[in-house]
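Peer 1: Submitted below is the structure of interest, expressed as C-alpha cells.
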Amino acid sequence: VRLRELKLSHSRQEVQCFKGAGGCDVDVIDYTGGSICCYGDNDEKICSTETGIEIENNNFCLTPGLRGTIPAGFANTPYLQVLDLSNNFLTGNIPPEIGGLLRLRMLDLTNNTLTGSIPSVLGALVSAAIRVHGNDMIRGENKNDMIAPLSLCSNVPEFDLFNDTTWCPPERNALRAFYNEAKGEEWINATGWVDEFNSHCEWRGVECNNAGKIVTLLLAVSQVNL
C-alpha cells in the first residue's frame with residue numbers, strides 16, 4: 001500500500017472538566033505539572049498532556065487532542081502527496097526529512113505549537129502548498145528573528161508566508177536573482193550571500209537602513225572575478 005494522503009487536522013476535542021478529588025489521577029491541590037487522566041460519567045478515560053490542562057474552580061479542564069512531535073519517519077512515505085497536521089497541539093521542530101517528500105502537493109502544519117526554524121530543505125518542494133502560520137514560536141535559525149529560508153521565499157510561491165515582507169523580504173529575493181545572473185558563485189568574496197537565514201543586510205557589500213531597506217550596494221573589483 002502506497003500512502004498518498006494523511007489528514008489528521010482538527011483533532012482537538014471539546015474541553016471537558018472533572019473534579020480533581022476522586023475523578024482524576026491526582027487532586028488539584030497536589031498537581032505539579034505533567035500529564036493526567038480523568039474519568040467521565042461512563043468511566044471513560046480522558047487523558048491530556050500539560051499543554052491541554054487548565055484548572056478552573058478547583059476542577060481539571062482537559063482538552064484532548066493530537067500531541068507530541070512530528071516523526072521524522074515520514075521520510076519513509078515517498079508517495080505522500082498530502083500531509084495535513086493542522087490545528088492540533090504538535091510541538092518541537094519541523095523534521096527536515098519532510099523536504100525529501102518530493103511528491104507533496106500540500107503540507108499543512110498551521111495552528112500548532114511548533115518551535116525552531118523552518119527547514120531550508122522545504123525549498124525543494126517547489127510544487128507544494130506549504131502552510132506554517134499559527135506557530136508563534138517558529139523563528140529564524142541564527143537569531144530570534146522572524147525570517148524564513150531564502151529557498152522557500154524564492155522557489156515556493158504557494159508558501160503561505162511568501163508575500164509576507166517580514167518573513168520573506170522582497171529585496172532579499174531580488175539580490176538572490178542578481179547573484180545568480182551575475183554568476184555569484186564565481187565571485188572572489190561573496191561572504192554571506194544567498195545564506196538561507198541571514199538577513200540580506202548582512203551580506204558583504206550590502207548596506208541597509210534601520211527599516212531593512214537597501215541604501216547601498218557596493219561590490220568592489222576585488223570581490224568580483226571579472
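Peer 1: With labels modelled as points extended 7 Å from the Cα through the Cβ direction, what inter-label distance (nm, one decimal) is found for LYS45 paired with SER9?
Peer 2: The modelled label-to-label distance comes out at 3.2 nm.
Peer 1: Tell me the mean residue ellipticity at 222 nm calculated for the chain from its helices only (DSSP H runs of n ≥ 4, each -39500 (n - 2.57), averaged over every residue, nearest 500).
Peer 2: After summing the helix terms and dividing by the residues of the chain, the value is -2500 deg cm²/dmol.
Peer 1: Calculate one ³J(HN,Hα) per residue across the stretch 69-86 by plugging θ = phi - 60° into the Karplus curve 6.51 cos²θ - 1.76 cosθ + 1.60, and present them in order as whole Hz with x for glycine and proline.
Peer 2: Result, ordered by residue: 9, 7, x, 5, x, 4, 4, 8, 10, x, 9, 5, 10, 10, 10, 10, 10, 6 Hz.
Peer 1: If packing is taken as the mean number of other Cβ atoms within 10 Å per residue, what is the order of 174-181, 76-83, highest first?
Peer 2: 76-83, 174-181
Peer 1: OK, next. Between VAL215 and THR115, how high is the FRET efficiency from 1/(1 + (r/R0)^6) when r is the Cβ-Cβ distance and R₀ = 35 Å? Nearest 0.05.
Peer 2: Efficiency, rounded to the nearest 0.05: 0.55.
Peer 1: Kindly state, to the nearest 0.05, the FRET efficiency for GLU54 paired with MET146, given R0 = 41 Å and r defined as their beta-carbon distance.
Peer 2: Computed FRET efficiency for GLU54 and MET146 comes out at 0.90.
Peer 1: Hey, with R₀ at 25 Å, roughly what FRET efficiency would CYS61 and THR32 work out to, going by the Cβ-Cβ distance, to 0.05?
Peer 2: 0.90
Peer 1: Still on this structure, please answer the following. Output the 0 to 90 degree angle, nearest 10, between the alpha-carbon long axis of helix 170-181 and the longest principal axis computed from the alpha carbons of the chain.
Peer 2: 50 degrees
Peer 1: Probe radius 1.4 Å, ligands and nucleic acids ignored: give me the carbon and sulfur share of the accessible area of the chain as a rounded percent.
Peer 2: Within the chain, the accessible surface is 48 percent carbon and sulfur.
Peer 1: Going by average Cβ density within 10 Å per residue, which order do the peptides 30-39, 57-66 take, highest to lowest?
Peer 2: 57-66, 30-39
Peer 1: Further question: Using Cα centres only, tell me the gap between the stretch 94-129 and the stretch 163-199 in whole Å.
Peer 2: When both Cα centres are located, 21 Å separates them.
Peer 1: Next up: Based on a Kirkwood Rh over C-alpha pairs, give the Stokes-Einstein translational diffusion coefficient of the stretch 27-140 at 10 °C and viscosity 1.306 mPa s in µm²/s.
Peer 2: 100 µm²/s
Peer 1: So, one more: In the set (i) 45, 21, 12; (ii) 40, 21, 13; (iii) 29, 26, 16, which value of semi-axes √(5λ) of the Cα gyration tensor in Å was calculated from the structure you see?
Peer 2: The calculated read-out lines up with (i).
The values are calculated or read from the model by the stated rules, or taken from the named source; none is laboratory data. Here the structure is a predicted model, which means the values were calculated and not measured. Here the Cβ is made from the backbone with ideal geometry for all residues, glycine too, and neighbour counts use every protein chain on show. Calculation scope for accessible area: heavy atoms of the full protein, side chains included, ligands and nucleic acids excluded. Shrake-Rupley method; radii C 1.70, N 1.55, O 1.52, S 1.80 Å.
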